[in-house]
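The values are calculated or read from the model by the stated rules, or taken from the named source; none is laboratory data. Please read all numbers here as calculations on a predicted model, not as lab measurements. A quick note on method: Cβ atoms are made from the backbone with ideal geometry, for glycine too, and the neighbour counts reach across all protein chains shown. SASA here: full protein model, heavy atoms, side chains in, ligands and nucleic acids out. Shrake-Rupley method; radii C 1.70, N 1.55, O 1.52, S 1.80 Å.
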Amino acid sequence: MKKRLCIFSFYDQDGYVAAYVPYLLENLSKCVDRLLVIVNGRIDQSGQRILERFTTEILIRENTGYDAGAYKYALVKALPENALDQYEEVVLCNDTFFGPLKNFETIFSHMDQRDCDFWGLNGYFDVMFSHIQSYFLVFRKRITGQGLLTNYFLEYIDETTTSIKEIYGRFEFGLFDFLTRQNGMTYDCYAERSHINIYSSSYMCLKAYGLPILKKKTFSNLRENWDNIWCTLSYIKYETNYDVEMILDYVRNHYGLHIRWENIERIEAYTIPEAVTYPRAVNGEAEIEAFVSDSAFYIYGAGVNGSKCYWRFARENPNFKGFIVSDGMGEMERELYGHPVLEFSEAGVMQSEKILLAVEKQYADEIVKTIKNKFDLMRIF
């Protein structure tokens, strides 16, 4: 077995350690030599005792920066300089998923045969901003030995932020872009590559693409995701060895969803939903880079797509002037990455300036109808 360090990020609003967490850690502990747990916020006494079954290295920090902030705390403050040199692989893992549905020993053994510099369990590909999802990442010696991982967190991750959009931009997409496009590192995924939404189409991801986990966020949109949830639970109950009661217990307490184990029928009893995919871009990266290369521009959209768009096309571009949102957005962040976030009417965009439209298709369609003949506009989706 390769010598591995795992940094595990834990957060619960009440400091409670649900049953799925020790299952995850027990399985993961068999594959790592050292486990460092970073708790964001607080943990109750019973939870502390549970975590101590797996490691004596449990550190508690302020609840800022999400999982990226926890990882930075470990890499920059908790671990001594050059601590990563003694490990062949460094694992960053958080508690946002149920699983594994297959043993981590099997997963690591499988990925040991893959020639890459870092890997994860799944990602989004063939779409704008392709990347590996950051809830589980494994970095090998070519990255950690050069100090690329630690240096990136030190320079680019803001451990004090409370903006999830910044974390998506800086950590999930930003780190992937930094390693691959800027430094030529190679990557791979355990699950088959796709552009399927692992939340709205979790059943398809488990069944057809071999995803070995279930994200907790799958249960956050019950009304629109009901068929998918039933199919997913049926698959886990009848096709895996994972105790579905750990899922039911969690979603009962956190989402108010009361499902009994005996009520989960075999998949034939349900309507299998069509796969929900992430949209492909209508313009490629080369076209976008050319568009923003020669004059001042704004990014229309200050959500996750706008954040990723900034990180890819605007962060080092002196032509970038700020973010625009539609009028009447109400309460919103007035600044993102140190740049202003302005309602459209107050931005005062001049006709010589350009707008990069970084919102989802249905919103982009409406915005284009309103301003397409007045401004030089390029849309992402």
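So which of THR160, THR150 is buried (at least 17 other Cβ atoms within 10 Å of the Cβ) and in contact (Cβ under 8 Å) with a residue 40 or more places away in the chain? None of the other options fit; the residue is THR150. Taking each residue of segment 31-49 that is of a type in the set (Ser, Thr, Tyr) and looking for partners that are open to solvent by less than 40 Å² (accessible area, probe 1.4 Å) with beta-carbon atoms closer than 8 Å, six or more apart or interchain, yields SER46/VAL17. I'm trying to understand the selection: among the residues of segment 341-364, which are closer than 16 Å to ALA296 by Cα, among the aliphatic types (A, V, I, L, M) and open to solvent by 10 Å² or more (accessible area, probe 1.4 Å)? Passing the criteria: LEU342, ALA347, VAL349, MET350.
Which of the residues belonging to segment 157-177 are closer than 9 Å to LYS308 by Cα and out of contact with any strand residue (DSSP E or B) (no Cβ under 8 Å at 6 or more places or on another chain)? TYR168, GLY169, ARG170, GLY174 - these are the residues of segment 157-177 that are closer than 9 Å to LYS308 by Cα and out of contact with any strand residue (DSSP E or B) (no Cβ under 8 Å at 6 or more places or on another chain). All of (1) under 17 Å from the mean Cα position of the chain (by Cα); (2) modelled with pLDDT under 95; (3) surrounded by fewer than 20 Cβ atoms within 10 Å (Cβ to Cβ) hold for PHE129 with one exception: (3).
In segment 328-340, of all residues being in contact with a strand residue (DSSP E or B) (Cβ under 8 Å, 6 or more places away or on another chain) and open to solvent by 80 Å² or more (accessible area, probe 1.4 Å), the one that is nearest to ILE288 (Cα to Cα) corresponds to GLU335. Within segment 90-114, residues that are touching a residue at least 12 places away in the same chain (Cβ under 8 Å) and more than 11 Å from ASN27 (Cβ to Cβ) reach partners that are part of a loop (DSSP other than H, G, I, E, B) and open to solvent by less than 10 Å² (accessible area, probe 1.4 Å) with beta carbons closer than 6 Å, at six or more positions or on different chains, in the pairs ASN94/TYR135; THR96/TYR135; PHE97/TYR135; PHE97/ILE213. Under the condition of being open to solvent by 50 Å² or more (accessible area, probe 1.4 Å), out of contact with any Cys (no Cβ under 8 Å at 6 or more places or on another chain) and not in a loop (DSSP other than H, G, I, E, B), the residues counted in segment 7-45 number 3.
In segment 280-301, the qualifying residues are those that are open to solvent by 60 Å² or more (accessible area, probe 1.4 Å) and in contact (Cβ under 8 Å) with a residue 40 or more places away in the chain, and the one that is nearest to PHE178 (Cα to Cα) is GLU285.
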